[in-house]
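The values are calculated or read from the model by the stated rules, or taken from the named source; none is laboratory data. None of these values were measured; they are calculated from a predicted model. Reconstructed Cβ throughout: ideal geometry from the backbone, glycine too, with neighbour counts over all protein chains shown.
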Amino acid sequence: MIQSHPHSRKSPYPFWFFLPAAVIYGVLFLVPTVTSLWYSLTRWDLMTAQFIGLENFRQFFSEPFLVRGLFNTLVYALVTSGLKTVFGLLLAVLLSGQIFARGFLRTVVFFPVLVSSIGIGITFTVMMHPTRGIINEALGLIGIPGPGWLTNPSLALLSVALVDLWKGVGLATLIFIAGLATISPDYYEASRIDGATRRQQFWRITLPLVRPATVTVITLSLIGGLRSFDLIWAMTQGGPGFSSDVIASVVYKQYQAGFYGLSTAGNVILFLLVGIIILPLTFWFNRREVDQ
Amino acid sequence: MKQSRSLASGIVALIVATVIFILPFLFIALQAVKSKSEASRLNFALPKEWLFWENLVAVVEARNYQLLLAYFNSTVITVFSVSILVILSAMVGYVMQRRQSRWNGVAQVALLMGLMMPPAVVPTIGLLQSIGLFKTMTGMILIQVAYNISFSTLLYRSFIATIPRDLDEAARIDGAKPWQIFFRVILPLLKPVTVTNVVVQSIFVFNDFTNPLYYLPGRENITVQLTLYNFQSTYTSQYNLLFMNILLVTIPPLIVFIFFNRQIVTGMTAGAVKG
Amino acid sequence: MTRHLKYRLASACALIALLAAGPLRAETTLSFLIDNGPDTLVAAEALVEAYAAKHPDITIEIDQRPGGGEGDNTIKTRLATGEMADIFLYNAGSLFQVLKPEQTLHDIAGLPALANIAETFKSVSSAGGKAYGVPFGTSMVGGIFYNKKIYRDLGLSVPKTWAEFMANNEKIKAAGKVALVQTYRDSWTSQILVLSDYYNLQASVPDFATQYTANKAKYATTPAALKSFERLKDVHDAGILNEDFGAASYDDGLYVLANGDAAHYPMLSLAIGALQQNHPESLADIGFFAQPSDDASVNGLTVWMPPALYIPASSQHVDDAKGFLDFVGSVEGCKVLMGVNTVQGPSLIKGCDLPADVPPAVTDMLPYFKDGRTAPALEYLSPIKGPNLQQITVEVGSGMRLPADAAAMYDDDVRKQAQQLGIPNW
């Protein structure tokens with residue numbers, strides 16, 4: 001894979017830096033995963049695989065609520081990645097400033113990232129209980145009748161997305177904090193002398209210079225949002241009925257049911273969906289980076 | 001004036017954070033000190049009897065002190081795989097960011113595939129068996145490296161852009177070899193990202209349960225997240241012990257975070273936004 | 001290669017042990033994979049301990065796996081890659097057939113214990129005419145748990161028909177109690193009214209299972225089968241359910257039943273174990289009856305089989321593993337199990353009678369068995385069970401989908417499973 005042209009040998013950025021990573025990644029991830037795609041064309045029970053052409057793909061597209069699942073996947077990914085980016089940046093700015101109890105607050109914001117999804121799923125399911133849940137009890141105190149967060153089919157997915165924000169915003173915040181740390185204080189000093197307000201500083205200095213972190217957070221949380229289902233699984237299992245199913249949870253259900261060929265086909269479809277969204281975005285980000 | 005304003009905003013933030021972020025943990029902690037039948041009700045009611053110590057002992061002693069073995073195994077896997085990950089992915093991210101070449105496109109697509117494609121379990125087990133790494137810690141460590149390298153590289157790749165190329169040039173003119181430039185000049189400057197990356201990857205690896213479940217079976221190979229299954233099953237869950245176990249396995253990554261959090265602060269000196 | 005390495009390590013260890021211990025004795029270690037239910041662990045530990053007392057040369061190490069779909073995948077993956085433990089616990093019936101027993105398991109033909117194991121169990125743990133498993137626990141049933149105290153207070157009697165059942169529900173509701181608990185937060189519980197209705201379905205269509213497997217009978221076009229889905233709509237539309245049926249969990253259901261807030265809970269008898277664990281004081285007030293049909297003369301129980309212990313073809317210690325299975329299948333092994341676990345129904349091992357102090361809910365089941373008024377659940381008569389049943393039943397039970405529509409959807413779900421299994425005619 002690595003070619004050595006005479007001029008590249010002299011480069012301070014040698015390609016052999018790729019080699020150890022490429023070997024581990026190629027052998028243990030890429031080769032088995034790519035070869036397994038063949039199984040999407042078979043009826044597979046892990047022991048024997050029978051070739052059935054594109055039947056799995058036809059079957060996948062006729063799953064109940066597949067259109068809804070596709071729509072849900074996009075909504076979930078956009079809502080979670082959008083909110084994580086915005087709140088992550090705001091929290092990072094707040095927690096990078098000279099603020100009271102900063103270390104404690106950072107730990108508190110980051111703590112949910114550490115806790116297992118199972119525990120968080122159970123906890124929020126209880127807190128979102130329509131009558132006995134603490135959220136609706138609190139709303140009741142100020143006279144607002146709370147909805148059935150997880151039992152109302154049109155609300156369930158958004159409720160899970162909010163919990164996902166709660167669980168994942170610490171990670172986005174941490175990446176933004178690292179990004180803010182690379183901005184030289186001199187910029188702020190100079191702009192303050194020029195009389196810039198804090199708002200102007202945010203838009204003119206912080207936002208443009210924190211861009212590497214923003215790109216990372218958007219990319220990672222968008223891919224994560226398109227593929228993630230662990231919280232959905234822990235909280236609603238795609239329900240009530242099929243109303244909060246996303247592609248990944250449909251695939252997982254098929255896998256659990258032992259439809260290994262079908263779920264591989266579902267993974268191919270999900271992979272293509274993510275690719276269609278992420279690849280153009282990445283190349284657009286890269287071009288902007290080169291332009292700058 | 002400024003002092004009191006930042007104090008006030010801090011206090012407001014503290015209250016909001018407490019409500020939004022702490023309440024769920026109160027819930028978890030509360031269940032962890034209840035009796036089995038009280039915890040099965042899953043509510044905010046205070047326990048009749050505080051069984052903190054009893055539940056703690058029950059969880060630690062369960063399955064012949066399995067939790068302690070799990071701490072050990074998970075720690076070994078995490079330390080080794082994160083160390084390898086950090087070095088390898090920083091190297092890849094560095095060359096990818098610095099050097100324009102067609103290999104970059106290939107590497108970029110390969111990386112994104114790593115984020116977008118779910119790994120195939122059965123073919124991977126077959127492969128691990130054929131190279132003698134199945135059910136071994138080495139195999140598990142390498143799997144974690146392979147599965148997390150995309151995320152890690154992506155993080156480095158974007159941040160290396162913030163380090164001026166002039167530094168590389170200067171080092172090169174001083175006669176430094178490529179690996180010396182990288183390890184002596186670039187890597188130290190990447191400290192905030194490295195710290196972030198170490199924190200994030202450690203948590204991913206430490207909290208992983210699907211991969212150990214499939215690639216590291218056997219009771220001597222138990223890892224922390226799999227101990228949760230001791231108390232949660234389809235038909236009967238012992239929520240008090242489950243939540244106690246959740247608390248206990250959350251402590252090591254929390255310590256890692258608190259420790260490294262200081263490092264991030266040191267990295268940023270004067271603070272980004274001055275009030 | 002790993003196995004060789006392990007072998008070498010094991011023999012090296014054995015050698016050291018030998019040198020250290022002196023007397024010559026062949027030690028064997030068997031691995032034993034069970035699910036993660038606390039009751040399962042207690043039972044497995046008791047069996048292993050009892051067996052070790054008789055066979056000190058054999059050490060059995062228990063390892064646990066998750067339950068549910070994740071557990072199914074663990075089992076299939078480990079069998080497919082030849083990495084299964086020497087002995088493992090898994091369902092009988094349709095899930096057992098999916099394992100391709102003739103390829104992946106070691107049969108236990110000729111095991112002495114088999115002579116004492118009930119035919120009903122052997123039929124659901126055999127393939128190609130050979131037995132593969134011994135039962136781990138008693139049989140279970142599906143039906144309606146009820147609170148006897150509420151029945152006494154309101155002067156109600158156990159209903160023999162669905163109409164009587166609904167009339168009881170109305171009276172209970174009028175008395176200000178929850179008549180029927182449903183707990184769709186744990187969606188698997190929503191299937192019980194459909195699955196436990198199988199006795200009634202079989203009574204009106206005796207060859208339903210065969211016709212269904214052969215792709216001839218459908219839920220949507222068989223009125224008696226469609227009725228099972230209609231029951232869910234009935235209880236929803238009657239307004240007799242707990243207000244939070246969509247958000248309540250299985251544990252919530254047991255709680256309100258046990259403390260007398262609710263009168264009925266359709267459930268499998270495995271709930272007796274959970275009641276014993278969380279509400280032991282209430283067991284005396286909990287009774288059980290079969291899910292009624294429209295006809296008082298058709299009144300019986302749908303029966304589930306316990307999981308079984310199997311030996312994989314890849315085991316290196318088949319004879320020793322068989323020894324343990326023989327013990328578990330014996331009366332002695334059965335008594336050990338009953339000593340630690342709550343009985344959920346009649347025993348499947350001849351000569352292993354229930355203890356005298358079983359909970360009333362179990363006593364209530366026995367007459368049905370005595371009169372032969374039982375039928376196996378459909379999953380033991382047909383290899384096909386659609387994976388989406390629980391989502392579909394949640395929809396019907398919450399009034400989101402009509403029974404006819406749901407039945408047709410389930411028929412389609414079943415088709416996928418039949419094709420996956422390669423059953424002829426699909």
Of the residues A:T107, A:T151, A:T125, only one is of a type in the set (V, I, T), assigned to a helix (DSSP H, G or I), within 9 Å of another protein chain (Cβ to nearest Cβ) and under 19 Å from C:D252 (Cβ atoms); which?
A:T125
Taking A:W149 as meeting all but one of (1) in contact (Cβ under 8 Å) with a residue 24 or more places away in the chain; (2) closer than 21 Å to B:F21 by Cβ; (3) not polar (S, T, N, Q), write down the number of the exception.
(1)
Please go through the stretch A:40-75 and pick out each residue that is facing another protein chain (nearest Cβ under 8 Å) and part of a helix (DSSP H, G or I).
A:Q59
What tally of residues in the stretch B:16-34 results from selecting those that are touching a Leu at 6+ places or on another chain (Cβ under 8 Å), β-branched (V, I, T) and over 15 Å from A:I118 (Cα atoms)?
1
Across the stretch B:132-147, what is the number of residues that are more than 8 Å from chain A (Cβ to nearest Cβ) and either crowded, with 22+ Cβ neighbours inside 10 Å or not in a helix (DSSP H, G or I) (or both)?
9
Within the set of pairs 6+ apart or on separate chains, which have a first residue in the stretch A:76-103 that is touching a residue at least 12 places away in the same chain (Cβ under 8 Å) and within 27 Å of A:S243 (Cβ to Cβ), a second that is part of a helix (DSSP H, G or I) and β-branched (V, I, T), and C-beta atoms under 6 Å apart?
A:K84/A:V169; A:T85/A:V217; A:T85/A:I218; A:F87/A:V169
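Of the residues B:S158, B:S81, which single one is at pLDDT 90 or above and among the hydroxyl-bearing types (S, T, Y)?
B:S81
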Elements of type helices (runs of 4 or more DSSP H) contained in the stretch C:358-421, each with 2 or more residues being within 21 Å of the chain's Cα centre (by Cα) and more than 14 Å from every other protein chain (Cβ to nearest Cβ)
C:360-370
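When the residues of the stretch A:173-198 are narrowed to those that are more than 11 Å from every other protein chain (Cβ to nearest Cβ) and in a helix (DSSP H, G or I), which ends up surrounded by the most Cβ atoms within 10 Å (Cβ to Cβ)?
The selected residue is A:A190.
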Residues of the stretch B:1-16 being at pLDDT below 70 and either within 15 Å of A:V109 (Cβ to Cβ) or among the aliphatic types (A, V, I, L, M) (or both), in sequence order, are B:M1
Within the stretch C:24-54, the residues that are more than 28 Å from C:G68 (Cα to Cα) and either in a helix (DSSP H, G or I) or within 10 Å of chain B (Cβ to nearest Cβ) (or both) are C:A50, C:Y51, C:A52, C:A53, C:K54
Can you tell me which residues in the stretch A:237-280 are assigned to a loop (DSSP other than H, G, I, E, B) and either at the interface with chain C (Cβ under 9 Å from one of its Cβ atoms) or within 15 Å of the chain's Cα centre (by Cα) (or both)?
A:Q237, A:G238, A:G239, A:P240, A:G241, A:F242, A:S243, A:D245, A:V246, A:A257, A:G258, A:F259
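The rows are residues; the columns are (1) within 27 Å of B:L189 (Cα to Cα); (2) surrounded by 23 or more Cβ atoms within 10 Å (Cβ to Cβ); (3) among the hydroxyl-bearing types (S, T, Y).
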| residue | (1), (2), (3) |
| --- | --- |
| B:E38 | no, no, no |
| B:R41 | no, no, no |
| B:S81 | yes, yes, yes |
| B:S89 | yes, yes, yes |
| B:G93 | yes, yes, no |
| B:N104 | yes, no, no |
Please tell me if A:G170 is small (G, A, S) and crowded, with 22+ Cβ neighbours inside 10 Å.
yes
Which count do you get for residues in the stretch B:3-47 that are in contact (Cβ under 8 Å) with a residue 24 or more places away in the chain, assigned to a loop (DSSP other than H, G, I, E, B) and more than 10 Å from chain A (Cβ to nearest Cβ)?
4
Could you list, in sequence order, the residues of the stretch C:137-165 that are assigned to a strand (DSSP E or B) and of a type in the set (A, V, I, L, M)?
C:M140, C:V141, C:I144
Go through (1) under 23 Å from C:F145 (Cα atoms); (2) buried (at least 18 other Cβ atoms within 10 Å of the Cβ); (3) out of contact with any Ser or Thr (no Cβ under 6 Å at 6 or more places or on another chain) for C:L337 and report which single condition fails.
(1)
Can you go through C:H236, C:H264, C:H279 and tell me which one is at pLDDT 95 or above, in the same structural domain as C:D153 (by TED's automatic domain parsing) and surrounded by fewer than 23 Cβ atoms within 10 Å (Cβ to Cβ)?
C:H236
